[in-house]
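Report on the following structure.
Please treat every number below as a calculation from the coordinates, not as lab data. What you are looking at is a predicted structure, and each value in this text was computed from that prediction instead of being measured. Positions of Cβ are generated from backbone atoms using ideal geometry, with glycine treated the same way; all protein chains shown enter the neighbour counts.
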Amino acid sequence: MAPNCLTGTCLCKNIVYRIMLPTESFPKVIICHCTNCKRYTGSSFSANIIVPKSSLDYIKGSPKMYLDRSDRDGQVMREFCSDCGTPFTSSSDDQEVAVKSGTLDEEHRLNCAELAAEIYYHRKDKWVDDIGNEDVQRINGSMG
């Protein structure tokens, strides 16, 4: 694929998307620590790339939508796979969409590997600061 094209899928691969970037550069990751993103992802934060809404196209399958409330009294549209539950996007306007970076295909996730910002930082879980701490055990592979 062209260097300005990113692809991704859900866990069950029933939904596949393509992002045609308007520039040659790759988006940076933005982490959100808000309560709703934590619940949506089932994790302590949501890792996202922000792209123009018009650049995202589902080329196989269609996600289910959930209309959520934002902290700013607005609405957030969230898209996810109704079969496996994989979260795809969050969007509160017509211009941009936050695509969950973990859904990108591996080669594209490697291209979007620079962290740009953390939002709702005051709500981050305390253990997040321990990521990268040399005292934390590192395991390559499964613990189970």
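Restricting to DSSP loop positions (anything but H, G, I, E, B) with no more than 10 other Cβ atoms inside 10 Å of their own Cβ, which trypsin sites (Lys or Arg not before Pro) remain in segment 61-144?
Loop-located and lightly packed - R72, R138.
For segment 5-125, what is the charge dipole size about the Cα centre, in debye to the nearest 20, if Lys and Arg each add +1 at the Cβ and Asp and Glu each add -1 at the Cβ?
The calculation lands at about 340 debye.
How would you order 18-30, 38-50 from highest to lowest mean count of nearby Cβ atoms within 10 Å?
Packing proxy ranking, top to bottom: 38-50, 18-30.
To two decimal places, what compactness ratio does the chain give when its Cα radius of gyration is scaled by 2.2 N^0.38 Å?
Compared with the compact-globule rule of thumb, the chain sits at 1.07.
What value, in deg cm²/dmol to 500, does the helix sum -39500 (n - 2.57) over DSSP H runs of n ≥ 4 give at 222 nm once divided by the residues of the chain?
Details: 2 runs with 13 residues, N = 144.
For the chain, the value works out to -2000 deg cm²/dmol.
Would you mind checking which residues have amide H under 5 Å from C10's amide H? H placed 1.01 Å from N; only 5 or more apart, or other chain.
I15
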